[in-house]
Amino acid sequence: MLQAVEGGPYRCALVIRIEGGVDDDLLAEIAEATGLNFALYGNGGFGGESVAAVYTADGNLLMEVLCDEVGAKALFIWANSTERAVAIRDVIGARWSTWSEQMLRAQLEETFEEQPTALVALLMAVGGATPEPETLDLLQRALDHDDTKVRQAAEYARLVASEFVHPPVVMRAEPKRALDEILRPARPVEGDQHWVTVRAGLPDRSVPRPVTWLRTPVDDPEDVAFWAGQAYWILLAIDDRDDSGWHEEIFCPRDKRTALHIVRHPALGNVHVALHGEAVDTTAAALVEDLGAEVLAGPPAGAGG
C-alpha cells in the first residue's frame, strides 16, 4: 500500500530479513532507477522501541528500521511523489527478499497465535502510514484474544506502529574528515581506520607510493616520536588494531608532503620507521645521524603483524 500522509510524504515500507539492509550497491541501484543519490544523514529512531539509519536525497527519506526486541527489520520509504516511492520500492524488492503488508497479513491471517510477535513486522510493513482495514481487524482480533501472550504481542505491535507516525529523531552523522593526500589509499576505504598503513596484508590500505624502511636501535616508539616532535612534525594517525601487538603512528611535517610511520611489533624487535613522500632521503639521513637508524633494502620480515 502507498499512502500520502496529510502534510507529509508518500509512505510505504517492505519488511526484509534481519541480515539485509541498505548498502552501497542498493543506493547505486536506486540512483540509477530514480536519479536520487541517497546518503546517510544519521542514526536515531522514533522515540521508543525501534532504531533507524536514515538516508536522505532531495527531501526523500529511506530508513532502515530495526525493532530489536522481536528481531524485525523493514525499509521505510517516505518520498515526495508516488512515482519515486514506487520506483524505490521496486528496486528494494528486486534486490532483497521482502514482505509487504498484504503478504504478511495473508501469512498471519490464521496463524498469528503461533508467532504473535510477527504482528510487529506486519505493522512495520505499513511504514508509518495508516494500516489497511483488514490489518486493523487482524490486530483487533489479537488484542481481544484469550491468550495473554497474544494480547501482549498485539499491544506491543500497536505501540511500535504508533511511533512510526512521527518523523524520526536523528543524530546527524559526523562527516568523515577528508584525509590529507599523503594519508590517502589508492581508493577510498570504509571504516574508522581508512588511512594508509605499512602493515602487510591490507592491500586496500597500502601506501600507493614507494616506501623506505629503517630499523632503529631503540625499543620504545616514544623515542622516535620525540624526535619527530622536536622536528615539529605533526601526529596525524595512530593504528592500534586488535590484540596482535601492532602499533603504528604516522607523523607529517607541516607541508603534509612526507609521512613517517613509527612501527612496533613483537616480530620486529626494535622500533622500525617507514617513510614515503617528497623528503624521504633527507628524513632518512637525519634518522641515521640522530638516532643511529639503519636503512633497509625493503620491508622487514614480520611487517605483516
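With 0.36 nm allotted per residue and the present C-alpha distance subtracted, the V189-H166 stretch has 4.8 nm of extension available.
A DSSP coil position with no more than 14 other Cβ atoms inside 10 Å describes the following GluC sites (Glu not before Pro) in the range 44-130: E69, E109, E110, E114. At an R0 of 30 angstrom, the distance between the Cβ atoms of A285 and D180 translates into a FRET efficiency of 0.80. Equivalent-ellipsoid semi-axes for the range 169-305 (Cα gyration tensor, √(5λ), whole Å, largest first): 25, 17, 14. Think of a 1.4 Å ball rolled over the protein heavy atoms: the chain then has 51 Å² of accessible area per residue.
Here the 3J(HN,Hα) profile of the range 261-275, calculated from phi with Karplus coefficients 6.51, -1.76 and 1.60 at θ = phi - 60°, is 9, 8, 10, 10, 7, x, 6, 8, x, 5, 5, 10, 10, 10, 10 Hz, Gly and Pro shown as x. From the backbone phi of the range 119-129, what are the Karplus-calculated ³J(HN,Hα) couplings (6.51 cos²θ - 1.76 cosθ + 1.60, θ = phi - 60°) in whole Hz, Gly and Pro given as x? Going residue by residue, I get 4, 5, 4, 4, 6, 5, 5, 7, x, x, 8 Hz, with x marking Gly and Pro. Volume per residue of the convex hull around the Cα atoms, evaluated for the range 227-305, comes out as 92 Å³. Rolling a 1.4 Å probe over the protein heavy atoms of the chain, with every protein chain left in place, gives an accessible area that is 50 percent carbon and sulfur.
Normalised by the number of residues in the range 150-305, the average gap of Cα pairs under 8 Å and 6 or more apart makes the relative contact order 23 percent.
Cα gyration tensor of the range 21-111, axes a ≥ b ≥ c as square roots of the eigenvalues: rounded (a/c below 1.5), prolate (a/b > b/c) or oblate? Because a/c hits 1.5 or more and a/b fails to exceed b/c, the range 21-111 counts as oblate. Considering only trypsin sites (Lys or Arg not before Pro) in DSSP loops that have at most 12 other Cβ atoms within 10 Å, the longest stretch of the chain without any of them is 18-175. When the chain is treated as a Gaussian network with alpha carbon springs shorter than 10 Å, the biggest mean-square fluctuation among V295, V169, V54 belongs to V295. The phi-based Karplus calculation (6.51 cos²θ - 1.76 cosθ + 1.60; θ = phi - 60°) puts the 3J(HN,Hα) values of the range 29-43 at 5, 5, 4, 5, 7, 10, x, 9, 9, 6, 9, 4, 8, x, 10 Hz, whole numbers, x for Gly and Pro. Working from Cα pairs under 8 Å separated by at least six residues, relative contact order for the chain is 14 percent. Here the spin labels are modelled as points 7 Å beyond Cα on the Cα-Cβ line, and at F226 and E19 they lie 5.2 nm apart.
The values are calculated or read from the model by the stated rules, or taken from the named source; none is laboratory data. Just so you know, these numbers come straight off a predicted model, no measurement behind them. Neighbour counts are summed over all protein chains in view; Cβ atoms, including those assigned to glycine, are modelled from backbone coordinates with ideal geometry. Heads up: the accessible areas ignore ligands, DNA and RNA and are worked out on the full protein's heavy atoms, side chains in. Shrake-Rupley method; radii C 1.70, N 1.55, O 1.52, S 1.80 Å.
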